[in-house]
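> Please see the structure below; I have some questions.
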Amino acid sequence: MSVQIQIDEKSFQIEQERKRVLDEVKLTVKKGDFLTIIGPSGCGKSTLLKIVAGLDTEYQGAVHVNDRQVVKPGIAQGFIFQEHRLFPWMTVEQNIAADLSLKDQDVRQKVDEMIEIVRLKGYEKAYPSEISGGMSQRVAIARALIRDPEVLLLDEPFGALDAFTRQHLQDVLIDIWQRKNITMILVTHDIDEAIYLGTDVAILRANPGHIQKLVHVGLSYPRAKTSPSYQQVRQQVLQEFEKTESQRYIDGEGI
Amino acid sequence: MVRAQAMNQPVAREKKARKSIPIWVKGLVLPLFIIVIWQIVSSSGVVSATVLPSPLQIIITFYNLIVSGVLFSHLQISIYRAVVGFLLGASIALVLGFVVGFSKHSESYIDPTMQMLRTIPSLAVTPLFILWFGFDELSKILLIAFASFFPVYVNTYNGIRSVDSKLFEVAQVLEFSKWKQLTRLILPSALSHILVGIRLSIGIAWLSLVVAELMGSSAGIGYMIMDARQFSQTDKVFVGIIIFGVVGKLTDSLVRILEKKLLKWRTNFEGVE
């Protein structure tokens with residue numbers, strides 16, 4: 001029971017040129033693990049996640065979720081986009097139900113339970129335009145979770161939020177992950193976010209995207225960012241990350 | 001700080017007092033002003049009553065037409081024509097707009113023809129409609145249907161094409177069925193466009209009704225106006241014009257109420273106070 005990612009090659013055609021975005025990316029995420037992937041912008045980490053979700057199928061290789069090959073997007077691979085992407089004409093509870101009927105007792109109960117978990121009680125009837133960005137992203141998470149995904153994929157889900165909201169949502173996410181014992185893969189460019197959340201951190205190198213290093217965090221939750229053991233892991237990840245960065249400068253890319 | 005606040009208070013109160021005038025009262029100021037001037041001019045006898053009857057005289061004629069039932073019977077037939085014509089045109093437009101909006105294939109087959117027909121003024125086809133369908137109800141209803149078709153068609157098509165592709169991706173991830181994609185994503189998303197189309201269409205239906213009735217008929221508000229013109233009953237002409245205006249405004253308000261109800265999730269800029 002796991003997520004197996006084996007991407008031999010993924011290229012984009014940019015005008016006349018074929019640009020290799022991902023090269024030999026091999027990852028295995030055990031059931032209940034929380035893998036975070038960090039890398040510089042443009043390293044293909046979002047592309048990697050889209051491939052796992054089945055949103056991008058033009059690549060060499062294969063992705064298996066619980067021994068089933070992913071060929072198209074679906075509820076088994078829950079996906080949280082960078083923007084919340086809620087339906088603006090639906091209320092919070094309608095958004096969570098989405099294509100399911102709230103009149104169904106079973107759905108109703110699940111939605112209510114989910115609202116409780118993502119701490120949105122009292123906002124069931126609010127429209128997305130009436131709630132904050134952090135709340136909207138929680139609705140999006142609830143919308144994915146209610147469908148019992150086998151893996152939850154998050155593409156820089158808190159990137160657009162302020163530091164306080166981000167910290168809060170990271171705690172909410174850990175809470176959900178522990179409660180539901182769900183496999184998660186989160187992509188981010190924030191080193192602290194990656195270490196704070198992940199059981200493992202994959203550092204992605206750019207041009208072409210390739211796993212530079214897989215670091216096992218091995219700290220218990222909740223994690224204290226100021227503790228020496230946390231700082232130690234941070235140092236390790238940072239060093240690896242700097243290696244990928246320096247390579248970019250040598251290649252004449254970067255900022 | 002404290003002083004600044006204290007100084008601000010009276011200003012704030014003044015603003016509130018001005019706000020308490022309801023919007024509909026504000027809307028009445030200009031028409032009332034015009035009517036008063038008009039009545040003064042007419043009463044002074046500067047202009048003859050055949051050219052410009054006084055507001056008072058128009059009201060009397062209005063009253064007489066209501067009491068005799070003449071106005072009501074004309075209005076009834078006019079509304080019947082407009083409603084049937086609009087429903088016919090708008091429903092075909094809705095279906096066709098959906099079909100063309102959905103499939104690229106049907107777009108390339110149907111849309112160019114529609115765009116060509118769209119540019120033809122309904123006035124230009126009126127003689128043809130009369131030749132084909134005569135002077136009776138059919139030609140009028142078809143003319144109204146023809147005119148009210150295009151706003152709904154264009155806006156429905158646009159509405160469907162403007163559905164956010166990002167939300168389509170979400171629907172894919174959530175495994176929406178084709179039916180749910182239509183009812184929970186495309187329809188709600190296109191609804192604001194469709195309603196704009198319907199509003200425009202109702203306006204045009206009303207406009208073409210006048211054209212149809214002025215061209216030749218034996219009943220309806222348009223006929224009443226033409227008939228009154230022949231006998232120089234200017235006051236009656238005014239009554240007809242007023243009826244057109246009032247009914248047009250009422251139907252428009254109705255659609256707007258519908259719009260507010262159906263699109264209550266929208267947060268749009270509503271103008272500065």
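The values are calculated or read from the model by the stated rules, or taken from the named source; none is laboratory data. Note that the structure is predicted; figures quoted are calculated from it, not measured. Virtual Cβ from ideal backbone geometry, glycine too; neighbours counted across all protein chains shown. Please note that ligands, DNA and RNA were not included when accessible areas were found on the heavy atoms of the full protein model with its side chains. Shrake-Rupley method; radii C 1.70, N 1.55, O 1.52, S 1.80 Å.
> On a C-alpha basis, how far is the centre of the stretch A:169-202 from the centre of the stretch B:215-261 in Å? Whole number, if you could?
Between the Cα centres of the stretch A:169-202 and the stretch B:215-261 lies a distance of 67 Å.
> Could you order peptides B:132-139, A:234-241 by the average number of other Cβ atoms within 10 Å of their residues, highest first?
Averaged packing, sorted descending, gives the order A:234-241, B:132-139.
> Okay, next question. Please state the relative contact order of the stretch B:154-198 as a whole percent: Cα pairs under 8 Å, 6+ residues apart?
68 percent
> Give or take rounding to whole Å, what are the principal axis extents of the alpha carbon atoms in the stretch A:77-148, in descending order?
For the stretch A:77-148, the Cα extents along the three principal axes come out at 29, 28, 21 Å.
> Pull up the DSSP beta bridges for the protein assembly as shown and report the antiparallel fraction as a percent, rounded to 5.
60 percent
> Oh, and also: Please list A:Lys121, B:Lys166 from largest to smallest accessible area, probe radius 1.4 Å, with all protein chains kept in place.
If we order A:Lys121, B:Lys166 from most to least accessible, we get A:Lys121, B:Lys166.
> For B:Asp252 and A:Glu17, what does the FRET efficiency come to when R0 = 60 Å and r is the distance between their Cβ atoms, rounded to the nearest 0.05?
0.60
> Continuing with the same structure: Under 17 Å from a label point 7 Å along Cα→Cβ of A:Ser41: give me every residue in the stretch A:206-226 with its amide N that close.
Of the residues in the stretch A:206-226, A:206-207 have backbone N under 17 Å from the label point off A:Ser41.
> If you take the beta carbon distance between A:Asp148 and B:Leu117 as r and set R0 to 51 Å, what does 1/(1 + (r/R0)^6) give as a FRET efficiency, to the nearest 0.05?
The computed FRET efficiency comes out at 0.50.
> Rounded to a whole number, what % of the accessible area of the protein assembly as shown do carbon and sulfur atoms account for, probe 1.4 Å?
Looking at the protein assembly as shown in its full context, I get 61 percent from C and S.
> Over all distinct alpha-carbon pairs, what is the Kirkwood Rh of chain A in angstrom?
Hydrodynamic radius (Kirkwood, Cα only) of chain A equals 19.0 Å.
> Right, something else. Let me test this: with uniform point scatterers at the alpha carbons of chain B, what is the Debye-based log₁₀ I(q)/I(0) at q = 0.08, 0.11, 0.13, 0.14 1/Å?
-0.52, -0.84, -1.01, -1.08
> With the crude spin-label approximation of a point 7 Å out along Cα→Cβ, what separation in nm comes out for B:Gln39 versus B:Val70?
2.4 nm
> Nearest 100 Å² is fine: what is the total accessible surface buried where chains B and A meet, probe 1.4 Å?
2000 Å²
> Hey, what's the protein assembly as shown come to in accessible area per residue, 1.4 Å probe, Å²?
Result: 54 Å² per residue.
> For the protein assembly as shown, what's the radius of gyration and Dmax over Cα atoms, in angstrom?
That works out to 33.0, 101 Å for Rg and Dmax.
> Using a 10 Å cut-off around each Cβ of peptide A:78-91, what is the average number of partner chain Cβ atoms that fall inside?
So the per-residue partner count for this stretch is 4.
> Give the Kirkwood hydrodynamic radius (Å, one decimal) of the stretch B:111-259, defined as one over the mean of 1/r across all pairs of different Cα atoms.
With all distinct Cα pairs of the stretch B:111-259 included, I get 17.8 Å.
> Roughly how many nanometres apart are two label points built 7 Å out from the Cα toward the Cβ at B:Leu30 and A:Ser101?
About 5.0 nm, to one decimal.
> When only the heavy atoms of the protein chains count and the probe is 1.4 Å, how do B:Tyr223, B:Tyr80, B:Tyr63 rank by accessible area, highest first?
From most accessible down to least: B:Tyr63, B:Tyr80, B:Tyr223.
> Working with all protein chains in place, sort B:Val210, B:Val46, B:Val36, A:Val3 by solvent-accessible area computed with a 1.4 Å probe, largest first.
Highest to lowest solvent-accessible surface, that is B:Val46, B:Val36, B:Val210, A:Val3.
> If ligands, DNA and RNA are left out, what is the accessible area of A:Ile96 with a 1.4 Å probe, given in Å² to the nearest 10?
Per-residue accessible area (A:Ile96): approximately 0 Å².
> Continuing with the same structure: Can you give the FRET efficiency for A:Thr28 and A:Ala224, using 1/(1 + (r/R0)^6), R0 = 30 Å, r = Cβ-Cβ distance, to the nearest 0.05?
0.55
> What percent does the relative contact order of the stretch A:78-229 come to when contacts are Cα pairs within less than 8 Å and at least six residues apart?
Once divided by the residue count of the stretch A:78-229, the mean separation gives 23 percent.
> Under a straight-distance cross-link criterion of Cα-Cα below 24 Å, which lysines are reachable from B:Lys166, leaving out those fewer than 8 residues away in the same chain?
A:Lys10, A:Lys45, A:Lys50, A:Lys72, A:Lys125, B:Lys104, B:Lys178, B:Lys180, B:Lys264
> So if the hydrodynamic radius of the stretch A:114-255 is defined as the Kirkwood radius over C-alpha pairs, what does Stokes-Einstein give as its diffusion coefficient at 37 °C and 0.692 mPa s, in µm² per second?
D = 196 µm²/s.
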